[in-house]
Amino acid sequence: MPTKEEILNKVHLDIAEYASYPKEKLKDEFILKENPLKMDNPSLNFMTLSLRGYVKKHNSKQTLLAKEVKKSKLTVKLLGELVFGKIKG
């Protein structure tokens, strides 16, 4: 079972990859759909698939849904907490 830091690191890596934004510059208060990340629905869908696989790997009874990730004001921090909660669920 991964630690909270490992889970948050995975979430940050995926956000950085799918938003084409440097991981070192990510801040918890950034909103996924707004500046500077500006993630569109296809990017959010691909990231959700990646994170869903990660959640399923560690807790097969939980899943991450695209509608949870596409919430309008979802921040980097809230997504990390969501994934952590699903894995520890």
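Here are a few things to note about the model shown:
- Within the chain, trypsin sites (Lys or Arg not before Pro) in DSSP loop having at most 10 other beta-carbon neighbours inside 10 Å: Lys27, Lys61, Lys73
- The accessible area of Phe46, taken with all protein chains in place and a 1.4 Å probe, comes to roughly 120 Å².
- Estimated [θ] at 222 nm from DSSP helical runs (n ≥ 4, -39500 (n - 2.57)) normalised by residues in the chain, nearest 500: -18000 deg cm²/dmol
- Rel. contact order, % - alpha carbon contacts under 8 angstrom, at least six apart, the chain: 36
- Rounded to the nearest 10 degrees, the inclination of helix 4-19 to the longest alpha-carbon principal axis of the chain is 40 degrees.
- Dipole axis of the chain (+1 Lys, Arg; -1 Asp, Glu on Cβ), positive-most option in Phe30, His12, Leu44: Leu44
- In a simple Cβ point-charge model (Lys, Arg +1; Asp, Glu -1; nothing else charged), segment 25-79 has a dipole of about 160 debye relative to its Cα centre.
- Here the extension length gained between Asn41 and Lys4 equals 10.7 nm, from 0.36 nm per residue of separation less the Cα-Cα distance.
- Coil-residue GluC sites (Glu not before Pro) of the chain, DSSP, other Cβ within 10 Å capped at 16: Glu29, Glu34
The values are calculated or read from the model by the stated rules, or taken from the named source; none is laboratory data. Note that the structure is predicted; figures quoted are calculated from it, not measured. Cβ sites come from the backbone with ideal geometry, for glycine too, and all protein chains shown count toward neighbours. When the accessible area is computed, the model is the full protein with side chains, heavy atoms only, and any ligands, DNA or RNA have been set aside. Shrake-Rupley method; radii C 1.70, N 1.55, O 1.52, S 1.80 Å.
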